[in-house]
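Each remark here refers to the structure printed beneath this line.
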Amino acid sequence: MADFWLILPLVICFTGALLASLFGTSRSSKQVNAPRLGWILSIAPTAAFLIIFAHLNQISDGGAVIWQIQWIPSIGLNFSLYFDGLSALFALIVTGIGTLVVIYAGYYFTDNPEIWRFMTFLMLFMTSMLGIVMAGDLISLIVFWEGTSITSFLLIGFQREDEQARRGAFKSLFITGIGGISLLAGLIILGSIAGSFDLETILGSGELFRESGFYPALLALIAFGAFTKSAQTPFHIWLPDAMSAPTPVSAYLHSATMVKAGIYLMARLNPILGSTDTWFWILSLFGLITMLVGAYLGFKQNDLKALLAYSTISQLGMLMMLIGQDSSIAYKALVIGIVAHALYKCALFMIVGIVDHETGTRDLRRLGGIGRWMPATFFVGGLAALSMAGLPPLFGFIAKETLLATVSHAGLTQFIDIIFPAVAILSGALLIAQSGLLVIDTFFGKIRDSTIHPHEAPLGMIFAPAVPALLSLALGVLPEPVQLASFLSNAAQSVFGAEVEVVLAIWAGLTVPLFLSVIAILVGLTLITRRHYLRRILWQFFPDLTFNNAYRKSIEIIDKAAILVSRVQNGKLRTYLVTIFLALGGLIWIFGALPSTKDLIITQLSLEGFRDSIMFLRLFTLIFVVGTAFASVILERDLPAIIAVGASGLSVAVLMMLEPAPDIALVQVVVDILMTIILVLLLTRLPRQQREKAAEFTFLQSWPSLVRDGLIAGGSALVVTVVV
């Protein structure tokens, strides 16, 4: 129990959710305003962050800390937590940015009386994501995985009166839910092959999985689950629609949670599923296509949140592509890219939320020139946008340089050596153009809509995005943080499986990556200067690669299938029984389960056998079971029929007792009594007219119907009797 501290971050964040729900009482809501509530609840993720940070020395040598308790001992299943460099990296991002988002949400929902409900969902979301990155067994991982899907659904659809929010929440749950089913199947196969669901055991069995005949199916199932969660093309369509969520949700979802779950999963499983051609091509191709599609679609957007959403898709593609590589420099780029993206994307979404909050719009066609009224917002947003563009001296520049170093040192084939750098340069240029759109068309020039009256946000609201933006600047201009480099090296090593050297110096000399970076910057600046002309061309002549038509067609197919099912599942018990009995007889006949005449041995009954009192009691009970069951059919009054059904059930319990099977008999008695009580209580709730109508339907049938039902019932009974 020395590592019991591992569960404390989860418990603390969950306690924060419980505390938030308590503020929903009328007395508490009057005493604590929204900003103060944000600061109070931020104590939970801050405490979780500090606990994790205080124990980093336990994994400084590249090892892992494991804590577990027995869950289902009969099948060897434990509830485990696993903490290594990769877990620590994501856990610090989840709790650190979570603290800022909770503070920011307090100011964002100043006038919303249901902020307690939002904060409850947000803290549960945080707990679920923290559980994913610290899960030490596959069952816990899938439980927390689905927890993020459910809580994100609640957060995206928080404004439940807004139809767009409801649609966006459903789309996210639908797509990620299908991926979750695929992931569940993949993880079950993974645990079955390893003979254990513990992560520690699985991570030590890499060759076992790669040499298994199930490897292609296993990889496909897990990759599908990760791709839907991390918005890889063509499953990216849910992420832009999720922008109907309140801005604090968007800031948290894009920078630290939900979409990063798929990145974490594939990185975590790289030691056992990676280092194969299949792994390389699947992750590289999906990653490169997503990288390019997200950057292209983002450049077309007029909504600031949609612009940032598509830039996130592009960056997720980049991270997925890096996981597919089998080189230490790729995993150096991966960990740096995760940190850089978390810092600038968190800040940018909160800045866009401030712009929307203080001007009433986030439409680029209406904004412009608001920098003079919102200087602090402009300064913080400008820093974060420069980091997203990958310009020096921001931390985003280091992330872009390591990415370009990875794609320029692939060295596999001539095609790869050309296409990888080309996609990286073009995507980088488009991200630079998106950063320019965000800053120039929002804060410079003249206001395009005279009805907008901008003003600066409260200092506490600006504080939240200022922290990650200033961190991006500090990591670029201050001397190289050796401890951070060592920490990132440890995280990369836990994924790559070998030592990874991480250097965070902003100047590495005249190198090929620097040359490629200059090209990307020049192309990006060109796109910025010609942005209005190019965006018109993109809207008029180039396709909208959102794949929403495919999503709508899928929903239509499901609706049509539901109509077909409803014709069978029509709510009529008679139809269900006829279907079950006929299908039972048909299956027995098709598979030849009916015994032949020779197999039917009829023994002559003798009265000698019934002198045994137990045998006589069995026979009497059997006759009573049949008699009471028959009585329940022919009795027209409801209460006597219910009593007859109960008596038949209790008679079955007596038969079980005589076998003897007392445990089963006890269950039968309890169930029968409960069923009888429930049916009697239902009689007091059902209207008399409805009961009379049901009686007419049952007892006023035509003779052909009665003969039909009798033949089906008698034939089914005969088949079961013969088989038994």
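The values are calculated or read from the model by the stated rules, or taken from the named source; none is laboratory data. This one's a predicted model, so the numbers in the text were calculated from it and none came from an experiment. Cβ placement follows ideal geometry from the backbone for every residue including glycine, while neighbour counts extend to all protein chains displayed. Remember, those area values only see protein heavy atoms, side chains included, never the ligands or the DNA or RNA. Shrake-Rupley method; radii C 1.70, N 1.55, O 1.52, S 1.80 Å.
Data for the structure
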read-out	value
Test: residue in the range 297-307 that is farther than 26 Å from PHE158 by Cβ, open to solvent by less than 10 Å² (accessible area, probe 1.4 Å) and of a type in the set (Gly, Ala, Ser)	no
Residue count, the range 253-292 (criterion: over 18 Å from GLY179 (Cβ atoms) and either touching a Pro at 6+ places or on another chain (Cβ under 9 Å) or β-branched (Val, Ile, Thr) (or both))	4
Enumeration of residues in the range 5-15 that are touching a Ser or Thr at 6+ places or on another chain (Cβ under 8 Å) and either within 18 Å of ASN33 (Cβ to Cβ) or open to solvent by 60 Å² or more (accessible area, probe 1.4 Å) (or both)	PHE14
Qualifying residue in the range 471-488 (condition: under 31 Å from the mean Cα position of the chain (by Cα), closer than 28 Å to PRO375 by Cα and in a helix (DSSP H, G or I))	yes
Members of the range 87-141 found to be among the polar types (S, T, N, Q) and open to solvent by less than 10 Å² (accessible area, probe 1.4 Å), listed by number	SER87, THR95, SER140
Matching residues in the range 706-724 - criterion: being surrounded by 11 or more Cβ atoms within 10 Å (Cβ to Cβ) and of a type in the set (Gly, Ala, Ser)	ALA713, GLY715, SER716, ALA717
Any chance SER284 is at positive phi and over 18 Å from the mean Cα position of the chain (by Cα)	no
Residue ID - farthest from ASP198 (Cα to Cα), chosen from residues in the range 43-66 that are of a type in the set (A, V, I, L, M) and surrounded by fewer than 16 Cβ atoms within 10 Å (Cβ to Cβ)	ILE43
First in the range 437-459 and in contact (Cβ under 8 Å) with a residue 40 or more places away in the chain and under 27 Å from ARG535 (Cα atoms), second anywhere and of a type in the set (Val, Ile, Thr) and not in a helix (DSSP H, G or I), Cβ under 9 Å, 6 or more apart	ASP449/THR361; ILE452/THR361; PRO454/ILE447
Complete set of residues in the range 445-461 that are surrounded by 21 or more Cβ atoms within 10 Å (Cβ to Cβ) and assigned to a helix (DSSP H, G or I)	MET461
Within the range 489-517, tally of residues that are assigned to a helix (DSSP H, G or I) and open to solvent by 70 Å² or more (accessible area, probe 1.4 Å)	2
Test result for LEU187, within 22 Å of MET266 (Cβ to Cβ) and either aliphatic (A, V, I, L, M) or in contact with a Pro (Cβ under 8 Å, 6 or more places away or on another chain) (or both)	yes
Residues within the range 86-126 that are under 18 Å from ALA261 (Cβ atoms) and not hydroxyl-bearing (Ser, Thr, Tyr), tallied	18
Flag if THR228 is open to solvent by less than 10 Å² (accessible area, probe 1.4 Å) and either assigned to a helix (DSSP H, G or I) or over 21 Å from GLY324 (Cβ atoms) (or both)	yes
Top-ranked residue in the range 200-219 [being assigned to a helix (DSSP H, G or I) and without any contact (Cβ under 8 Å) to a residue 12 or more places away in the chain; ranked as farthest from ALA261 (Cα to Cα)]	GLU207
Qualifying residue in the range 405-420 (condition: in contact with an Asp or Glu (Cβ under 9 Å, 6 or more places away or on another chain), in a helix (DSSP H, G or I) and open to solvent by less than 10 Å² (accessible area, probe 1.4 Å))	yes
Unmet criterion (only one of (1) surrounded by fewer than 24 Cβ atoms within 10 Å (Cβ to Cβ); (2) touching a Gly at 6+ places or on another chain (Cβ under 7 Å); (3) closer than 26 Å to SER42 by Cα) for ALA169	(1)
Tally of residues being more than 15 Å from SER275 (Cβ to Cβ), open to solvent by 70 Å² or more (accessible area, probe 1.4 Å) and charged (D, E, K, R) across the range 178-216	1
Residues being of a type in the set (Lys, Arg), under 25 Å from GLY106 (Cβ atoms) and surrounded by fewer than 24 Cβ atoms within 10 Å (Cβ to Cβ) - total across the range 315-370	1
Selection status of ILE237, among the β-branched types (Val, Ile, Thr), over 21 Å from ALA309 (Cα atoms) and either outside any loop (DSSP other than H, G, I, E, B) or open to solvent by 10 Å² or more (accessible area, probe 1.4 Å) (or both)	no
Check on PHE541, without any contact (Cβ under 8 Å) to a residue 60 or more places away in the chain and within 36 Å of the chain's Cα centre (by Cα)	yes
Residue within the range 422-444 that is assigned to a helix (DSSP H, G or I), more than 24 Å from LEU308 (Cβ to Cβ), of a type outside the set (Asp, Glu) and modelled with pLDDT of 85 or more present	yes
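Conditions tested, residue by residue: (1) open to solvent by less than 80 Å² (accessible area, probe 1.4 Å); (2) under 25 Å from GLY585 (Cα atoms); (3) aromatic (Phe, Trp, Tyr).
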site	(1), (2), (3)
THR621	yes, no, no
VAL633	no, yes, no
GLU636	no, no, no
PRO660	no, no, no
GLN668	yes, no, no
VAL680	yes, no, no
LEU686	yes, no, no
PRO704	no, yes, no
